[in-house]
Structure formats: structure tokens, C-alpha cells
Amino acid sequence: MTEAACSLDVDADDIGWLTIDRPGSSANTLGRAVLLELQQHVATAEGRALRGLVLRSAKPSGFIAGADIREIMTLAGDARAVEMIELGQRLFSRLEALPYPTVAAIHGYALGGGLELTLACRYRVAVGDSKLALGLPEVQLGLHPGFGGTVRSVRLLGVRPAMKLMLTGRNVRSDQALRLGLVDRLVATRGELDAAARQIIRDAPPPRRAAAFERALSWPGLRALLRPVLLRQLRKQARPQHYPAPYAIVDLWSKYGAHGAAAMTAEARSFAVLLGGDSARNLIRVFLLQDRLKALAGKSATAIERVHVIGAGVMGGDIAAWCALRGLQVTLQDRELSLIEPALARAASLYAKRLSTPAERDAAAGRLTADVAGDGAAAADVVIEAIFEDLRAKQALYAAAEPRLRPDAVLATNTSSLTLESLAATLADPGRLVGLHFFNPVAQMPLVEVVHFPATRPQVLASAMALTRRIDKLPLPCRSSPGFLVNRVLFPYLFEALHAAGEGIAFNAIDRAAVEFGMPMGPMELSDVVGLDVLLHVGEIVTRELSQQAPPYVERVRQLVQERKLGRKSGQGFYPWHEGKIVRPAQRVAAPEDLADRLILALVNECVACLREAIVEDADLIDAGVIFGTGFAPFRGGPLAYARARGLEACVARLTVLAERYGARFRPDAGWGALADTA
């Protein structure tokens, strides 16, 4: 007999408590079986003269994480997709129509279909801590809300707030949710939720409604005026051929005004169309790759609570701040306090943005301590070295630090290009060394390359993987090799842009070719963002170690670096920058028709080489690493998924043509044949 996922209890006050607890899962999700169970309980509630009904979760982690995306993916291109969506819509409409107060009691998260379920309730109460995350992230999967969310969100919040919620897919914090009207009341702890729900049923205040002006924006005449404004804003962020879902959201609203049965029917059919498209298939693939990276961490026998970071520059300081944000005790070392103070100021800014209450911000700041003397190293579970990229400097630091470490402490380096073999040459215990390569900016980039070499002890690697998950990053195990995975494949792409620049192709044209392919920014802009000094230094290491040839235009980069024109951080690089924003030339210059292939296939060809050399375990991890480490066009599913979709033989043929036209750097790697065997 299948264990129930939902239960309905009625107390002495005639209040119904509908508790969701999907068996065998750490999180509640809405699959067909759960929806059918909920439907049975709502039908029971319809037949009872209750004072109110409370929906809550028994999971410690949160309310409902959304629809069961794996189950929904099996319905792609199938009429059952519309059937399942309509099942959810009917259920939520019946819940909405109950004649007595209904309350969603939320802790942790309510995302996607989970938030849509709360929108069908008359009231929402939530725990107002920094764990609370409310959102409609379906656009990140190439979809849009399907259980009535495109209608109810507009009715509750108003057109512009609801569109922002749906079109960005971003979560909102507790204070933002209260301000928007997404929740009616916040409580301090989960233990107070039931009492708050009971109180709101007793008081039965008038339900929230969108402001009158926001409601008016859904009138037909005003919809016609606002629609082109929304589309203009959208086109700045995403192309319809790459990301059709946000455009579908605007179309649904502009046609139906978030009103009536026709709006619900259109939502279900639009959802099913998107689900069968390439964009959703690839974006869901990216979501599943993310889950796989999370699962790689497994369980470590060693609990990690104390981290010592050496080097308070941008990377080291931000790594330390992030670790403290995620609950670790952190000491931050540099030569003098004046070098640590800017990192502490950035940390305070991070906590102000990420944490909801002053108490939480103070607690995070209290976990991060300046430590000029480096005393924290002796007590640390993990010591992270994050100084500048110089082999001798790092080895000298290890010689001073290693005698102070506990025998079981992990020594991690944030190197972006140096091999662990070279770094470990002077260590007394090379088995404790592992790479933790974070990406800049640390707070935004989800990936950490966890680099190992033959001497790395298995428990050290396990601890490094566990730490990465402990701080809510995605760990990618990589074999030690120059540039590891991400920088290894990124530099052929960046250097091909420099080849093109050396041929006189305008920077803007180079960037546009990449952006039109689907990259988040072009390679010339990316170089400015990374810093031309970093580009030059790391590029020299990677190309030297791999015996590759740097483009002649590197000499121009060297000249810019000597002139301290380093990119965004100095206000001038390939482009001028003003207050952190790029200043592009007004003139639009056409790019050669083969430029996108030159850029992208250079990267893909290097991915094939990395797979052949087993830098990571398999092709899916190549795709995951390049997407989460570089922002490679997510809607294409990753560089190797793109190559398979284009056709492996077609890619090899195109590389051969490019090699004849531009030189040996485009010669197809020997690994293409093995990749074809696994297709």
C-alpha cells in the first residue's frame, strides 16, 4: 500500500489542517499522485462546515518546492501534459472557491507550483527569516506558471509586480514578500505559524487585492499600451528564439488580462507547447545537471565548522564572507589589518543584501574575524589559500602555514590555473592539498571546481566536496591539469576573439556574434569584466603549460595592462566603462558570417579534448561545468549537448574548414570519435 503524501485533520475549533509530507523525499513536490490526494482532501473539505482550512508542510526544509519536474518532463510532447496541468488548475480553483478562510502556512520556500498553491488560498502567513524564498522560477526552465499562476499572481499583486516575479524567475525575501502583498503576515519562528494561521482565520480580515491602478492596467486599452513596453524591456534581456517562455507570459496577459476561464485554458495549452520545445528541454537538462552536481558531494564523515582564509583580496575576502554567510566560523588573514578592512566592508554589504533581519546580519558579521597573526589556522578544519597566482609565492606561504595546521586539516588553494602537482612539491603532507577554485563574483557564481591530483587523500577530497555543498555551491570534481576545466575551455574562446580583433574586426561585432549565439556577454566585454591583467596572466600560464600559441593581439593586451587600462575595474580596457557600466560605440558594424563558429567551436573543441583527457568524469559534467562556470548559453544545454544537436560530423567538418582557413588551432581534437561512440 502506498504511503499517503497528505493528511487532513479537523480540530475542536472546526479548523482543518491539511498537511503535505511527500514520502521518501526531503522536499514536497507536486506530481500527479500528490495532486490527486490533495483533490480528495479538498473534496472532503468542501463537504464540511469548517471555520477555516490551513495548508502546511511537515518537511523541515520548506513548504513545496514546485511541480515534480522529472515527472512533467516525461509528458513533453504528450496530451497528458495538458491533462496534468488542467488537473492542477481545477484543484486550485476548488480550493480558491471554498466558502471559508483558507490559509497557507509557509516556512522555508514556496516555489513554482508551491507558490501557485498558496495563491489559491485566501491568506498567506510565513516565517520571516532569511530562509524564506518565494518565487515563480518557471522561466528558468523554459516554462511559465501552469496551475493558474499567470492569472492569480496578477490579480493579487498587480500587473507590474507579477510580471517582474514571473519574467525574472527570481525569489523574493520575506520583507519584500510582505511589502508586495505576497504574504499577509510574518512570524519569527516556525513554531508560531499555526497560531498565526488560527488567528487570521478567527479575524478573517479583507483579503489582499492589487492596488486600483495596477488592476486598471489589465483593462484592454491599457494592456495594449503596456504590452510593447514590456516587450521592449524583455528584448534587452532575452531573445524570443532563445527564451520563448517570458514572451508567452506577456502574450497570455495581453490577450486575456488575467481574467476568466479562457485565461486558464490558454495558460495550460501554452505550458504544454513550451514543454515540448528545445529551450525547455535544454533548460530542464541544466536543472537536472545542477541536481547531479549537488548529489556528487555525498556525505563527509568530517564536520566542517571552521575555515581560515589566507589572502583578503577580492577573491579571498569574498570567499571568507560567503562562508560566514552560510554559517561557518571564519578567520581572514592578510599582512595587515588595512588589507582586511575592505573585505569586511564588502561582507557587511553582502549581508545587508542577503539577510532579512538585523540580528541575522550581526550574527553573520560576528562569524567573520580579521586575523592578521593567522592564529585561526591552527583551529581550522579547512585552510583556504587565496593569494595572487604565483607558484613561488604560494609555496612560500605553504611553508610558513603548514606547520601550524592540525594533522587532519585540509589545505585548499583557490588557484585558477596552477597544477596541484607543482604547488604540492614543497609540502610535507601533499595528501592534504586540494583545489577549491571559486569564480568571481563569489556571491553570484554557483560553481566551485574541486581539484584533486593522485596524492590527494580520498577523505580530503570528500571534505572539500562537502564544504562546497555546505556553503551552497555546486562542486565539480576536476583532475589537476592546467586551467582545470573552465579556464581551459574558456581561453580558446577568449583568444579566438583576440585573433578576430587582430584582424581588425570591431570589438562590438565580436561581442554581438557571441551574444546572438546565446552567450550572456561577448568575449571582449567578458575580458574587461575579468580584468585584462588576469586575462594576460592566467592565459600565459594555461597556454604555456598546454604548449599552445597565444594570438599576436596579446601584445596589445600587454600594452593596455602596462598603461593600467585593466577593464571595468579601472574604467578603461577594450571598452570605456562609466560607473561600472560598459560604454559601447553607437556605430553597428557587421561581423563575418563565420565568426560565431570560430568562437564557439574553439570552445567546444577544447571541451572534447578535456573529455578525452578525463579532466572530469563524463560529457554531462563538461556541460555542467561550462554552463555554471562560464554562463554558456543555458538554453542550448551545454557545449557538448549543442554539438550533438548540431551533429558531431557537421561540427568536425566545420572545424576542418576553419582549420584550412585560419590555421591548426581549429584542427578537430582526436576525441571527437569517442564522443560519437557515446552519442
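The values are calculated or read from the model by the stated rules, or taken from the named source; none is laboratory data. None of the values given here were measured: they were computed from a predicted structure. Neighbour counts run over all protein chains shown; Cβ positions are idealised from the backbone, glycine included.
For region 45-75, how many residues meet the condition of being buried (at least 16 other Cβ atoms within 10 Å of the Cβ) and either within 24 Å of the chain's Cα centre (by Cα) or not in a loop (DSSP other than H, G, I, E, B) (or both)? Matching residues across region 45-75 total 18. All of (1) touching a strand residue (DSSP E or B) at 6+ places or on another chain (Cβ under 9 Å); (2) touching a residue at least 60 places away in the same chain (Cβ under 8 Å); (3) in a helix (DSSP H, G or I) hold for LEU423 with one exception: (2). State whether the residues of region 355-365 include one that is free of Cβ contacts under 8 Å to residues at least 24 places away in the same chain, hydrophobic (A, V, I, L, M, F, W, C) and surrounded by 14 or more Cβ atoms within 10 Å (Cβ to Cβ). Taking every residue of region 355-365 in turn, at least one turns out to be free of Cβ contacts under 8 Å to residues at least 24 places away in the same chain, hydrophobic (A, V, I, L, M, F, W, C) and surrounded by 14 or more Cβ atoms within 10 Å (Cβ to Cβ).
If the requirement is being of a type in the set (A, V, I, L, M, F, W, C), within 21 Å of LEU115 (Cα to Cα) and outside any helix (DSSP H, G or I), which of these qualifies: VAL250, VAL183?
Values: VAL250 fails: outside any helix (DSSP H, G or I).
Going through VAL250, VAL183 in turn, the sole match is VAL183.
Highlighted here are the helices (runs of 4 or more DSSP H) found entirely within region 520-576 that include at least 2 residues which are over 11 Å from LEU494 (Cβ atoms) and out of contact with any Lys or Arg (no Cβ under 9 Å at 6 or more places or on another chain): 532-545, 554-562.
In this structure, LEU165 qualifies as without any contact (Cβ under 8 Å) to a residue 40 or more places away in the chain, crowded, with 20+ Cβ neighbours inside 10 Å and part of a helix (DSSP H, G or I). Contact annotation: residue pairs with Cβ atoms under 6 Å, 6 or more positions apart or on different chains, pairing a residue in region 112-138 that is within 18 Å of VAL54 (Cβ to Cβ) with a partner that is at pLDDT 95 or above and aromatic (Phe, Trp, Tyr), are GLY114/PHE63; GLU116/PHE147; ALA120/PHE92.
Just a yes or no: is a residue in region 245-263 within 20 Å of the chain's Cα centre (by Cα), in the same structural domain as GLY169 (by TED's automatic domain parsing) and either at positive phi or surrounded by 18 or more Cβ atoms within 10 Å (Cβ to Cβ) (or both)? Walk me through how you get there before you give the answer.
At the first step, the residues of region 245-263 found to be within 20 Å of the chain's Cα centre (by Cα) are 245-246.
If we keep only those that are in the same structural domain as GLY169 (by TED's automatic domain parsing) too, we end up with 245-246.
Going one step further and asking which of them are either at positive phi or surrounded by 18 or more Cβ atoms within 10 Å (Cβ to Cβ) (or both), we end up with 245-246.
For region 245-263, residues within 20 Å of the chain's Cα centre (by Cα), in the same structural domain as GLY169 (by TED's automatic domain parsing) and either at positive phi or surrounded by 18 or more Cβ atoms within 10 Å (Cβ to Cβ) (or both): present.
Just one of (1) at pLDDT 95 or above; (2) crowded, with 19+ Cβ neighbours inside 10 Å; (3) of a type outside the set (Asp, Glu); (4) touching a helix residue (DSSP H, G or I) at 6+ places or on another chain (Cβ under 9 Å) fails for ALA380. It is (4).
Here are some conditions: (1) assigned by TED's automatic domain parsing to the domain that holds ALA378; (2) crowded, with 19+ Cβ neighbours inside 10 Å. ALA297 meets all but one. Which one does it not meet? That leaves (1) as the condition not met.
Scanning region 340-361 for residues that are touching a Leu at 6+ places or on another chain (Cβ under 9 Å) and not aliphatic (A, V, I, L, M) yields a count of 4.
Let's see how each residue does on (1) without any contact (Cβ under 8 Å) to a residue 60 or more places away in the chain; (2) buried (at least 21 other Cβ atoms within 10 Å of the Cβ); (3) outside any helix (DSSP H, G or I):
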position	(1), (2), (3)
ASP623	no, yes, no
PHE628	no, yes, no
PHE632	no, yes, yes
ALA643	yes, yes, no
ALA650	yes, no, no
VAL657	yes, no, no
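Return yes or no: is GLY31 small (Gly, Ala, Ser), in the same structural domain as ALA97 (by TED's automatic domain parsing) and touching a helix residue (DSSP H, G or I) at 6+ places or on another chain (Cβ under 9 Å)? So GLY31 fits the description; yes. Can we say LEU611 is without any contact (Cβ under 8 Å) to a residue 40 or more places away in the chain, over 22 Å from ALA509 (Cα atoms) and either surrounded by 14 or more Cβ atoms within 10 Å (Cβ to Cβ) or within 28 Å of the chain's Cα centre (by Cα) (or both)? Against the criterion (without any contact (Cβ under 8 Å) to a residue 40 or more places away in the chain, over 22 Å from ALA509 (Cα atoms) and either surrounded by 14 or more Cβ atoms within 10 Å (Cβ to Cβ) or within 28 Å of the chain's Cα centre (by Cα) (or both)), LEU611 does not qualify. Look at (1) of a type in the set (A, V, I, L, M); (2) assigned to a helix (DSSP H, G or I); (3) at pLDDT below 95; (4) within 32 Å of the chain's Cα centre (by Cα) and you find that LEU225 fails only one, number (4).
Here is a check on your reading of the model: is ALA210 part of a helix (DSSP H, G or I) and in the same structural domain as GLY112 (by TED's automatic domain parsing)? So ALA210 does not fit the description; no.
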